[in-house]
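The values are calculated or read from the model by the stated rules, or taken from the named source; none is laboratory data. Please read these numbers as outputs of a predicted model, since none were measured by experiment. Heads up, the Cβs are rebuilt from the backbone with ideal geometry, glycines too, and the neighbour counts pull from every protein chain shown.
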Amino acid sequence: MSPYAHITGWGMAVPERVLTNHELATMVDTSDEWIRTRTGICERRIASEDQTTASLATEAALRALAVAGLNPADVELIIVSTSSPEHTFPATACIVQDRIGATKAGAFDLLAACTGFIYALNMAAQSIRSGSVKNALVIGAETLSRLVNWQDRNTCILFGDGAGAFVLQAGEERSGVLSSVLRSDGSGSDLLTLPAGGSALPASLETVRDGLHYIHMNGREVFRFATRVMTQATLEAVARANLSMDDIQLIIPHQANQRIIEMAARSLNFPMERCVMNLHRYGNTSTASIPIATCEAAQQGRLHPGDKVVFVGFGSGLTWGAVVAEWSAPFSAQRREYPTRYRLYARVRSALLRLLRRLDTLIDALVWDRRQRD
Ligand code: UT7
């Protein structure tokens, strides 16, 4: 029988810097009242100069590994879901792999915008279900504050920075990820986009001048789309898991807008008290919002082994999707590990590898030079 992908570790990392609505109102033409009533957001976190998507992802990953009691060297797959990667390439996941010392892991980035964590969770779970890996790290991480136009009140009030991570491990018992629904509709690709910097519109003086390296959004249309698909995806994923909404203890939705979540809960006839909400404190952290909300729910004792949970999200693409999971727990038989110690080993290892690579190049050049002279 194929193994199940249990969720055995979870961790989050958010920047210390808090940007309140009141502070935003001194930067653009908006007000705390407008932002709170239209979105539910009161404040968000903003990365400091030395924090990046990879550094937040690394912190979240190490915390998730600590909860799982897993050594980074046992991780076989790292998926980083992000729309604000460290670079176009290499993948942010490879930088995280190096920083945590996951010496046996394949690593890649996945871009499905705010739905990315749902997609990544599904991909990692399928890798475990197929038997190709036993342990995986799924990370959602963003520093969208770097991509927002701080003069555009339509977008800059919404987004925040942060990262969240899950450890998935193979287990015989039917638990962990039970079903998934992944959907897309590229006909709405113009509704939420960062137009320039890719192959369609390479960076140029004009693209910078025209503000095309910032997030552009048709908020009203995204809103309409979101309220429709959150309900659909939830019902479909629950049915695929052979469950009914009565079996679901918690919904952990993408934290974009309180009104979207309330409308979805109403149409699902699901009590708001069982929808996890923390967007008032973090804003929309895109693909990081679901794992961050999950970590806080776990810390608050709202998640118990055996609980059935729906993770549901939507975003640019357009993309949307849902995962139904049975909340697992760290494997008790596993020995305790302290992955933060591995950060130091990883740094030393990485520095040595870079040095060796340089020496190797130098020796090659010397040998070549000698051969040429002979
Ligand atoms: O992860 C996915 C990310 N995207 C989303 O989730 C976006 C989903 N959409 C939304 O959350 C909402 O559409 C927004 C919060 C973005 C906007 O709320 P809305 O109720 O749809 O407002 P609106 O765009 O229809 O604008 C209403 C009015 C406009 O003024 P006029 O044209 O009626 O005079 C806007 O110019 O509010 C104005 N407005 C603002 N006023 C004060 C727009 N942004 C602001 C602002 N402060 N920040």
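The table below lists the values:
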{"read-out": "Any helices (runs of 4 or more DSSP H) falling wholly within segment 12-86 and containing at least 3 residues that are surrounded by 22 or more Cβ atoms within 10 Å (Cβ to Cβ)", "value": "53-68"}
{"read-out": "Residue match in segment 180-199 (condition: more than 23 Å from the chain's Cα centre (by Cα) and under 24 Å from His87 (Cα atoms))", "value": "yes"}
{"read-out": "Residue selected from segment 217-231 under the condition in a helix (DSSP H, G or I) and over 22 Å from the mean Cα position of the chain (by Cα), by the criterion nearest to Val323 (Cα to Cα)", "value": "Arg228"}
{"read-out": "Considering residues of segment 276-292 that are within 14 Å of the ligand (Cβ to nearest atom) and under 12 Å from the mean Cα position of the chain (by Cα) only, the residue farthest from Ser83 (Cα to Cα)", "value": "Ile292"}
{"read-out": "Test set (1) aromatic (Phe, Trp, Tyr); (2) surrounded by 17 or more Cβ atoms within 10 Å (Cβ to Cβ); (3) touching a residue at least 60 places away in the same chain (Cβ under 8 Å); (4) in a loop (DSSP other than H, G, I, E, B) - Tyr338 fails condition number", "value": "(2)"}
{"read-out": "Residue, nearest to the ligand (Cβ to nearest atom), within segment 294-316, restricted to residues that are surrounded by 22 or more Cβ atoms within 10 Å (Cβ to Cβ) and among the small types (Gly, Ala, Ser)", "value": "Gly315"}
{"read-out": "Which listed residue is modelled with pLDDT of 95 or more, out of contact with any Asp or Glu (no Cβ under 6 Å at 6 or more places or on another chain) and over 25 Å from Pro253 (Cβ atoms), from Ser55, Ser81", "value": "Ser55"}
{"read-out": "Test: residue in segment 252-267 that is away from the ligand (no atom under 16 Å from the Cβ), under 28 Å from Leu144 (Cβ atoms) and outside any helix (DSSP H, G or I)", "value": "no"}
{"read-out": "3 or more residues within 15 Å of the ligand (Cβ to nearest atom) and in contact with a strand residue (DSSP E or B) (Cβ under 7 Å, 6 or more places away or on another chain): qualifying helices (runs of 4 or more DSSP H) within segment 94-212", "value": "116-129"}
{"read-out": "Pairs, first touching a residue at least 40 places away in the same chain (Cβ under 8 Å) in segment 244-260, second acidic (Asp, Glu), C-beta under 9 Å, six or more apart", "value": "Ile248/Asp307; Gln249/Asp307; Leu250/Asp307"}
{"read-out": "Qualifying residue in segment 233-241 (condition: in a helix (DSSP H, G or I), within 14 Å of the ligand (Cβ to nearest atom) and of a type in the set (Asp, Glu))", "value": "no"}
{"read-out": "Pick from segment 3-29, criterion farther than 13 Å from Gly283 by Cβ and of a type in the set (Val, Ile, Thr), ranking: farthest from the ligand (Cβ to nearest atom)", "value": "Thr8"}
